[in-house]
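Worksheet: the structure to be examined is printed underneath.
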Amino acid sequence: MPENKTTKKDRETKKENINRHPDIIRLRNRHIQELNRFLAENRFYAFEGGEKFDEGMRKLGLEPTDTDKIVDVGGGAMRRDKVPELRALIERQGKELREMKKALRGS
């Protein structure tokens, strides 16, 4: 095999190493905190309905009867109009991660 050709195993090892880089770990931790903060502010759980559901709806600034204004996100209820913000957050975080990995690889 030519010396300049990388194997699948070489690429996988390099990928594993980049995912363990301290900067990547810090970025992922920041992303997790940011996502958790967003979800804590914009989502609620009420598995049994009743008062918990009413409280959750009011937390979101809605009346308990405004069920057409919520969607299921990860098993919790979120305002439908917050979904674009959630998507933008996730897309931005993905872009930041890709850019950092690219910079760390030097390409």
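The values are calculated or read from the model by the stated rules, or taken from the named source; none is laboratory data. Bear in mind that the values here come from a model prediction, so they are computed numbers and not experimental data. Cβ placement follows ideal geometry from the backbone for every residue including glycine, while neighbour counts extend to all protein chains displayed.
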In the set 38, 53, 47, which member is part of a helix (DSSP H, G or I) and modelled with pLDDT under 95? 53
Of the criteria (1) part of a helix (DSSP H, G or I); (2) surrounded by 12 or more Cβ atoms within 10 Å (Cβ to Cβ), which one residue 78 fails: (1)
Of the residues in segment 46-99, those that are without any contact (Cβ under 8 Å) to a residue 24 or more places away in the chain, out of contact with any helix residue (DSSP H, G or I) (no Cβ under 7 Å at 6 or more places or on another chain) and among the β-branched types (Val, Ile, Thr) come to 65, 67, 83
In segment 86-104, anything more than 10 Å from the chain's Cα centre (by Cα) and surrounded by 11 or more Cβ atoms within 10 Å (Cβ to Cβ) is listed as 96, 97, 99, 100, 101, 102, 104
With the checklist (1) at pLDDT 95 or above; (2) surrounded by 13 or more Cβ atoms within 10 Å (Cβ to Cβ) in hand, flag the one item residue 32 doesn't pass. (2)
